[in-house]
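Notes follow the structure.
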Amino acid sequence: MADAQTPDHVTGHGAAVNRETRTAKLALLAWHCGQGRGARFARRASGLPAVRFGDLPKLPDWLDASEEQRKRIAAVAGLLRHRRAIDAELSGPRLAALAAAVGEPLFDAVCEAEVPEMAGAEKLPPPERVLAAGEQLLEAALPLALANRFPGARDDAAARYLLAQAHALAESIA
């Protein structure tokens, strides 16, 4: 059993998922993957991986959230991904443009949060690329079983861990 420090463990998930949560996640997984005989055959024929019970704890809480909430989480994830570049940026207008694109409260909260391990050290990209990076992280964190609905699904544990931080941060500000 993974502890709270490992990237595969997202707060609120793991071996101790209660029956109601597990049932809700099974329903969510079935809705996104399709579990009928025809759906299973189509998955095998197209080379997509089978849906596994181990995919349940990897399903994020934001998967059935509103589009607005997903965009907030993606914005925070993008900011966290580029946190070191934000800290190193000296240009006030570039930082102001980024803050305007995501909103001052989100930007300030990310700047006060701990720098994640996954944060890159490259130069700060324009706001639209920071937001695009967050959207890519949303999909990258999803299990491969969801690749038919989310082409960017890569079952990336580091992205899942970063998104768990982003989700908690976005929820604390809402």
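The values are calculated or read from the model by the stated rules, or taken from the named source; none is laboratory data. Fair warning: this is a prediction, and the values are worked out from it, not measured in the lab. Heads up, the Cβs are rebuilt from the backbone with ideal geometry, glycines too, and the neighbour counts pull from every protein chain shown. Note: accessible area is taken over every heavy atom of the protein model, side chains too, but ligands, DNA and RNA are not part of it. Shrake-Rupley method; radii C 1.70, N 1.55, O 1.52, S 1.80 Å.
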If we keep only residues of the range 135-153 that are more than 8 Å from the chain's Cα centre (by Cα) and of a type in the set (G, A, S), then the residue surrounded by the fewest Cβ atoms within 10 Å (Cβ to Cβ) is G152
The number of residues in the range 154-174 that are hydrophobic (A, V, I, L, M, F, W, C), at pLDDT 90 or above and open to solvent by 10 Å² or more (accessible area, probe 1.4 Å) is 5
Selection from the range 112-147 of residues acidic (D, E) and either closer than 27 Å to L63 by Cβ or modelled with pLDDT of 90 or more (or both) yields E112, E114, E117, E128, E135, E139
Residues of the range 63-85 being of a type outside the set (A, V, I, L, M) and either open to solvent by less than 20 Å² (accessible area, probe 1.4 Å) or touching a Pro at 6+ places or on another chain (Cβ under 6 Å) (or both), in sequence order, are G78, H82, R83
Restricting the range 86-130 to residues that are in contact (Cβ under 8 Å) with a residue 60 or more places away in the chain and within 19 Å of the chain's Cα centre (by Cα), the one surrounded by the fewest Cβ atoms within 10 Å (Cβ to Cβ) turns out to be A109
